[in-house]
Amino acid sequence: MQHWDVVIVGAGPAGASAALAARRADPTARVLMLDRATFPRDKACGDGIAPEAFDLLAGLGASGVDEGYGPVETLHVDGPDGAKAHRRMARPARVIPRQVFDTRIVEAALDAGTHLRRRTVRRVHRSGDGVVVDDDVHARVLIAADGASGTVTRTLGMAQAPAGHTAVAVRGYVAQAPTDGQRIVMDAGDRWPAYAWSFPLTDGTDRANVGYGVLVDPKRPATRAEMLHRLHDLMPWTRTGERWRGHLLPLSSWTPPQPDGRVLRVRDAAHRINPLTGEGIWYAIQTGMLAGHAAVTAPGEGGDPGAHYRAAEQRVMGRHTRHVRLLSRVGRTPRLVDAGVAAAGSHQGAFDDLVAMGLTAGVITPRLVIRTGAAALRRART
């Protein structure tokens, strides 16, 4: 039996960030990441990364992750009922393929002294003083970064989401796409809420990450062919796309309870994907950082890792989570969403507030409420 202070199942951005945070909090901590893939590997995603995600990584000692990829300074949003918001973001984002981005964070974790092994985890069970993985790896604390339906969640019988809190998306790459900013076109059809996207890579080419996402309806599942058809209708330049991949997004409109104990859930395993936009990278790094820190500091202080992580997550993300859940319910009404887009189009502050809520830890502000209400009244009179 091999003994480790922290074992992380999954070496994506959440898992690798957890490893970085654990080693930063305690440079003597023995940290092991387990992943079924060999890096670099592709991962279905929109590839858009908020600047605040790079801030977190820099604080963990991982700098230069965005090297070779320029800033994307503008965002173009078309609402479901004709409103438009085309503005410069307060801080530019980056669009970096996950094949590149994830590998760079893993390499930073390895440089920090973390160990990585390729393994498909089959079994996990709790023991008196920790958690045992596949009968031969013992962890004082285990971090589940292997997805909402991953081995850790399933084998330990942890809570899984009820219907209505998962989205599905299809993603591809296309050449000769518009390169003047990120584009989102909301689709007010019978699949609402849904939207198409086109995010330029800014790597010296005219390539873009393109895709279409929709809330899962268990009674009428969206097919890949249907999603691609809607994407091509909304953004005709995507017809020449390739490397199409589908993926599920466990939304934070519902999050599983984090219990006391030695198993901590991050990113997808914790249902940490923004229900307004499908953004998950900032959530991954933030939850991974909090979990990695709790995993090594709580036991050393005689505390409970699960309780420490839960309190930290609530402190850092609690208000934001409550606000995006509220807006995700409001977002079921296309007219209100269109009013929000109109407000963002007419006022830079409202635009910045919406971007912050969709990409990082933003909250509903009085300014956003006032501007959206005024836009709704104007549109009701026309």
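I need the full set of residues from region 271-286 which are closer than 23 Å to residue 158 by Cβ and aliphatic (A, V, I, L, M), in order please.
273, 284, 285
Just need a number here: residues in region 294-348 that are modelled with pLDDT under 95 and of a type in the set (Ser, Thr, Tyr).
Total meeting the criteria: 2.
Can you spot a residue in region 173-194 that is within 24 Å of residue 304 (Cα to Cα) and part of a loop (DSSP other than H, G, I, E, B)?
Of all residues in region 173-194, those within 24 Å of residue 304 (Cα to Cα) come to none.
There is no residue in region 173-194 that is within 24 Å of residue 304 (Cα to Cα) and part of a loop (DSSP other than H, G, I, E, B).
If you scan region 152-165, which residues turn out to be surrounded by fewer than 21 Cβ atoms within 10 Å (Cβ to Cβ) and outside any loop (DSSP other than H, G, I, E, B)?
154, 155
Looking only at region 226-239, decide whether some residue is touching a Lys or Arg at 6+ places or on another chain (Cβ under 9 Å), basic (Lys, Arg) and farther than 27 Å from residue 26 by Cα.
Checking region 226-239: at least one residue is touching a Lys or Arg at 6+ places or on another chain (Cβ under 9 Å), basic (Lys, Arg) and farther than 27 Å from residue 26 by Cα.
I need the full set of residues from region 76-90 which are under 17 Å from residue 179 (Cα atoms) and out of contact with any Gly (no Cβ under 6 Å at 6 or more places or on another chain), in order please.
Matches in region 76-90: 77, 78, 86, 87, 88, 89.
Among all residue pairs at least 6 apart or on different chains, which show Cβ distances below 6 Å where the first residue, located in region 37-49, is in contact (Cβ under 8 Å) with a residue 60 or more places away in the chain and the second is of a type in the set (Lys, Arg) and part of a strand (DSSP E or B)?
Close Cβ pairs satisfying both conditions: 38/118; 44/171; 44/245; 49/94.
What single numbered condition from (1) over 25 Å from residue 358 (Cβ atoms); (2) of a type in the set (D, E, K, R); (3) surrounded by fewer than 20 Cβ atoms within 10 Å (Cβ to Cβ) fails to hold for residue 146?
(3)
Can you pull out the residues in region 248-292 that are of a type in the set (Val, Ile, Thr), assigned to a loop (DSSP other than H, G, I, E, B) and surrounded by 24 or more Cβ atoms within 10 Å (Cβ to Cβ)? Step through it out loud before you land on a result.
Filtering region 248-292 down to residues of a type in the set (Val, Ile, Thr) leaves 255, 263, 266, 273, 277, 281, 285, 287.
Remaining after also requiring assigned to a loop (DSSP other than H, G, I, E, B): 255, 266, 273, 277.
Hits for region 248-292 are 266, 273.
So, of the residues in region 305-345 that are of a type in the set (Gly, Ala, Ser) and in contact with a strand residue (DSSP E or B) (Cβ under 7 Å, 6 or more places away or on another chain), which turns out to be surrounded by the most Cβ atoms within 10 Å (Cβ to Cβ)?
Checking each candidate, the answer is 344.
Name the one entry in 189, 172, 204 that is at pLDDT below 95 and more than 19 Å from residue 93 (Cα to Cα).
Details: 172 fails: at pLDDT below 95; 204 fails: more than 19 Å from residue 93 (Cα to Cα).
Only one candidate passes the filter, namely 189.
The values are calculated or read from the model by the stated rules, or taken from the named source; none is laboratory data. As the structure is a computational prediction, the values presented were derived from the model and not from experiment. FYI the Cβ positions are ideal-geometry reconstructions off the backbone, even for glycines, and counts take in every protein chain you see.
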